[in-house]
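All remarks here apply to the structure that follows.
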Amino acid sequence: MAIVAQGICVSLGGRCVLTAADMALQPGEVLGIVGPNGAGKTTLLRVLAGLLRPDQGSVRYDGSTARELGRRALARRVAFLAQDGAATWSLSVEALVGLGRLPHRPPFGAESEADRAAVANAMALCDIAALAGRTLGTLSGGEGRRVLLARALAVDAAYLLADEPLAGLDPGHQLETLKRLRTVAAGGVGVAVVLHDLSLAARFCDRLLLIHRGLRIANGAPGDVLDDAALADVFGVSVLRGQRDGVPFLLPWQPIDARGPTHDGR
Ligand SMILES: Nc1ncnc2c1ncn2[C@@H]1O[C@H](COP(=O)(O)OP(=O)(O)OP(=O)(O)O)[C@@H](O)[C@H]1O
């Protein structure tokens, strides 16, 4: 059981943006996908979600290809939280979260008890019950992100692919969201999440996949992947490291450019 991608190559606009990428997402784990802007993280996630067909390579979902599964079965198995969810929809929050149940319902079929329970659970988990009657367009950016996460969770999929779910969230809601993803993984879901905050990625992910210029640079335990050399080479930063209650953390500190760290120490 896993999503397994092998030899994925993708060209966009005549440029190769992913080269021979291999990866696997196991049930019950939180896999962090990290890398600089433009590295190919979103492209990889879209391939895994079956939204973008790679030029080369294969993706298997618990052994089956997307074609063998069919679109509806794939949509039930893999939930996708996009980076840029539409914010102008005039549906109520509750109805919008209910869209996550569409792959479970026959065309024009009524909502089942299981649908209602999944929507209620997802709304409770994302702490948005109080927003149920509002529309997405009237919510703050951070509230909207929580609603779209709830829609993805309402799918009750075996795998959740989340592209920058922390974007626009304040620190409290960032931590809450990562704790939610850990709760979801503890229930057996395989969670792949694109993150820019390396400190949070190291703290909350079981494993990290580091991508740079469309290439997989490293894959393993956060402490092994985020070593000083990789952070300097890939992100061009030096970091401060510390520990709290035995848990290591890191803080990006200085950009490193050809001239070395800035001279005034800031
Ligand atoms: N439709 C497209 N046409 C041409 N190039 C594209 C297209 N979509 C993405 N790209 C390019 O592919 C590369 C990878 O993009 P991708 O969105 O996967 O990066 P990312 O790692 O998610 O970046 P970010 O952290 O900035 O969101 C980038 O150089 C981007 O400009």
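Summed over the range 62-88, the residues that are at pLDDT 95 or above, of a type in the set (A, V, I, L, M, F, W, C) and more than 16 Å from the ligand (Cβ to nearest atom) give a count of 7.
Picking from G265, G220, G260, G246, which residue would you name as being at pLDDT 95 or above, loosely packed, with under 14 Cβ neighbours inside 10 Å and away from the ligand (no atom under 16 Å from the Cβ)? Before the answer, list the steps.
Working: G265 fails: at pLDDT 95 or above; G260 fails: at pLDDT 95 or above; G246 fails: at pLDDT 95 or above.
Checking each option against the conditions leaves just G220.
Checking every residue in the range 95-118 against the condition of being under 30 Å from T138 (Cβ atoms), in contact (Cβ under 8 Å) with a residue 12 or more places away in the chain and within 16 Å of the ligand (Cβ to nearest atom) gives zero matches. Under the condition of being in a strand (DSSP E or B), within 15 Å of the ligand (Cβ to nearest atom) and hydroxyl-bearing (S, T, Y), the residues counted in the range 7-59 number 2.
Can you say whether L175 is within 22 Å of L44 (Cα to Cα), surrounded by 15 or more Cβ atoms within 10 Å (Cβ to Cβ), hydrophobic (A, V, I, L, M, F, W, C) and within 17 Å of the chain's Cα centre (by Cα), as far as the supplied structure shows? No; evaluated as a whole, the condition is false for this residue. The single condition among (1) under 20 Å from the mean Cα position of the chain (by Cα); (2) free of Cβ contacts under 8 Å to residues at least 24 places away in the same chain; (3) closer than 30 Å to A117 by Cα; (4) exposed (fewer than 15 other Cβ atoms within 10 Å of the Cβ) that M1 does not satisfy is (2).
Only one entry in A114, A157, A118 is small (G, A, S), outside any helix (DSSP H, G or I) and within 25 Å of M1 (Cβ to Cβ), namely A157. Filtered by the rule that a residue be in contact with a helix residue (DSSP H, G or I) (Cβ under 7 Å, 6 or more places away or on another chain) and within 18 Å of P27 (Cα to Cα), the range 1-15 gives I3, A5. Residues in the range 48-75 that are closer than 13 Å to Y159 by Cβ and surrounded by 18 or more Cβ atoms within 10 Å (Cβ to Cβ): L48, A49, G50, V59, Y61, A66, L69, L74, A75. For the range 136-150, the criterion of a residue being touching a strand residue (DSSP E or B) at 6+ places or on another chain (Cβ under 8 Å) and not hydrophobic (A, V, I, L, M, F, W, C) is satisfied by no position.
The values are calculated or read from the model by the stated rules, or taken from the named source; none is laboratory data. Note that the structure is predicted; figures quoted are calculated from it, not measured. Note: ideal-geometry Cβ built from the backbone for every residue, glycine included; neighbour counts use all protein chains shown.
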